[in-house]
Amino acid sequence: MEQFKLFGKKATRYGFAEALVELGEKNPNIVVLGADVTSSVLTSFFKEKFPERFFSIGIAEQNATTIAVGLALSGKIPFFASYSVFSAFRNADQLRISVCYNNANVKIGGGHSGITVGPDGATHQSLEELSLLRTLPNMTLVVPCDYIETKKATLKVAEFFGPAFVRFGRAPVPWFTNEDTPFEIGRAEIFREGKDVALIACGIMVWEALIAAEELWKRKGISAMVINNHTLKPIDVKTIVDAAKTCGAIVTAEEHQVHGGLGGAVAEVLAKNYPVPIEFVGMPDIFGVSGEPEELLVKFGFTWKEIYSSALKAIERRDKKVITNHIYRNVKEIVPISFEIL
C-alpha cells in the first residue's frame, strides 16, 4: 500500500470521545447528554472535564434526544451518544420529527455499531441503521474509517448547523490515517488510484479494501481504485460517477446490511448517472450472532477476501457486457434486416 501504513489498532469510539473534549475546550455552548452507557461510548471523557455541561438522562434515549432538541433550539450544540441500536432505531420517531423536521442542530453519536460489537450479539449489532438515517431529510451521515477520522468527523459536524450522525465502534480496529489525511464532510477521498475496478468502502471496510487492492495487483495485475466514501449523506456523486467512468466496474463494502446502506446509495447514484456492474459486500440479509469481532468478520464475510472475489466478478460482468454490446453492434451493421407482412 503506497500511501498508508498500519499504526496499530484503536477503537473508533476514542476518536469521538477525544473530539468532544476538544470541542468543549473551544466552545462553551457544547453540551453532552448520556443514556446510562457513558463509559461504553466514552462520553465519560467529556463528563470528567466538563461535569456542569454533561446531562445524564438515564436509560431513556428518546427523552435524551428530545431534550437535546430543546437545548439546540435554545442555542446550545448538544451531542447525544448511545449504542446505534438505541440512538438510531429506538429514536426513529424523535430523529425524524423532533430533530430532522425541525432541522435542529443536534449531533448524534452511534456507538457499538456493526458486527464488531461481537459478544453483545444480534440485538446489539447495529447493521441496518444507515438505511434508515440516510432517508431522513436534513440529516448528515458519516461513517469514519478509523480512530483519527472519527475524531475529524466529530469535530467537523460541530462546525455546521443541522442534524448529524457519526457512526463508531467498540472493538479496536486498524488505524491507518493521520492528521494530514484529507477529510471533508460530503467529499469521498481516493485512497488509491486504479483503472480496472473501483472499490468504494466506508468504516472499517476501507482498510480491507486497501488490502484487497494490493492483492488484486500482486496476484492478477488488476489495478484497483480505492475510495473512502465516509459521508453517506450528502454523498459525493461526482467522485462515484468519475470512478465508474474510469473503471467500468464497482464493488461496495460496508459493515452493514447489503440493503439500503452504502451499496444502495452508490447504486442509486450510478443508476441515474452512469450504470455499470456493481457487486456488494456486506451482511447478507441475516442477523448476526454472538462471538469475538475477528471471528464474526470472517464468518459473515467482512474481509478483503470477499472484496477481492467481488472485484473479479464485477470485472467479468463488465467484460461480458462489452463483448455482448460489440457483437450486437456488429450484427446490426453487417446483417440486413428484412421481413414480410403475411
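The values are calculated or read from the model by the stated rules, or taken from the named source; none is laboratory data. A quick note: this is a predicted structure, and the numbers were derived from the prediction, not measured. Every residue, glycine among them, receives a Cβ derived from its backbone with ideal geometry; neighbour counts consider all protein chains shown.
Brief remarks on what is shown
Residues checked against (1) touching a residue at least 24 places away in the same chain (Cβ under 8 Å); (2) in contact with a Phe, Trp or Tyr (Cβ under 6 Å, 6 or more places away or on another chain); (3) of a type in the set (Val, Ile, Thr); (4) not assigned by TED's automatic domain parsing to the domain that holds THR135:
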position: ALA72; (1), (2), (3), (4): yes, no, no, no
position: PHE79; (1), (2), (3), (4): yes, no, no, no
position: SER82; (1), (2), (3), (4): yes, no, no, no
position: PHE86; (1), (2), (3), (4): yes, no, no, no
position: ASN91; (1), (2), (3), (4): yes, no, no, no
position: ARG96; (1), (2), (3), (4): yes, no, no, no
position: VAL99; (1), (2), (3), (4): yes, no, yes, no
position: ASN105; (1), (2), (3), (4): yes, yes, no, no
position: HIS112; (1), (2), (3), (4): yes, yes, no, no
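Table: residues versus (1) polar (S, T, N, Q); (2) touching a Cys at 6+ places or on another chain (Cβ under 8 Å); (3) not assigned by TED's automatic domain parsing to the domain that holds ALA72.
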| position | (1), (2), (3) |
| --- | --- |
| THR154 | yes, no, no |
| PRO163 | no, yes, no |
| GLY169 | no, no, no |
| PRO182 | no, no, yes |
| ASP196 | no, yes, yes |
| LYS220 | no, no, yes |
| HIS230 | no, yes, yes |
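- Some residue of segment 208-216 being surrounded by fewer than 24 Cβ atoms within 10 Å (Cβ to Cβ), closer than 18 Å to GLU306 by Cβ, more than 18 Å from the chain's Cα centre (by Cα) and of a type outside the set (A, V, I, L, M, F, W, C): yes
- Filtered by the rule that a residue be touching a Ser or Thr at 6+ places or on another chain (Cβ under 6 Å) and of a type in the set (Asp, Glu), segment 184-207 gives a lone residue, ASP196.
- Of the residues making up segment 1-24, those that are at pLDDT below 95 and either among the aromatic types (Phe, Trp, Tyr) or closer than 17 Å to PHE168 by Cα (or both) are PHE4, PHE7.
- Listed by position, the strands (runs of 3 or more DSSP E) contained in segment 136-181 that have at least 2 residues being touching a Phe, Trp or Tyr at 6+ places or on another chain (Cβ under 6 Å) are 173-175.
- Listed by first and then second residue, the pairs linking a residue in segment 157-169 that is more than 22 Å from GLY75 (Cβ to Cβ) to a residue that is part of a helix (DSSP H, G or I), with Cβ atoms under 6 Å apart and 6 or more places separating them unless they lie on different chains, are PHE168/THR12; PHE168/ARG13; PHE168/PHE16; PHE168/THR150; GLY169/THR12; GLY169/THR116.
- Filter result (among the aliphatic types (A, V, I, L, M) and in contact (Cβ under 8 Å) with a residue 40 or more places away in the chain) within segment 241-261: ALA243, ALA244, ALA249, ILE250, VAL251, ALA253
Yes or no, residue by residue, for (1) exposed (fewer than 12 other Cβ atoms within 10 Å of the Cβ); (2) modelled with pLDDT under 95:
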position: GLY282; (1), (2): no, no
position: ILE286; (1), (2): yes, no
position: SER290; (1), (2): no, no
position: GLU295; (1), (2): no, no
position: TRP304; (1), (2): no, no
position: LEU312; (1), (2): no, no
position: ILE315; (1), (2): no, no
position: LYS321; (1), (2): no, yes
position: LYS332; (1), (2): yes, yes
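- Selection within segment 182-195 - closer than 30 Å to ALA158 by Cα and either in contact (Cβ under 8 Å) with a residue 40 or more places away in the chain or not in a strand (DSSP E or B) (or both): PRO182, PHE183, ILE185, GLY186, ARG187, ALA188, GLU189, ILE190, PHE191, ARG192
- Residue check, ALA198 in a strand (DSSP E or B) and buried (at least 24 other Cβ atoms within 10 Å of the Cβ): yes
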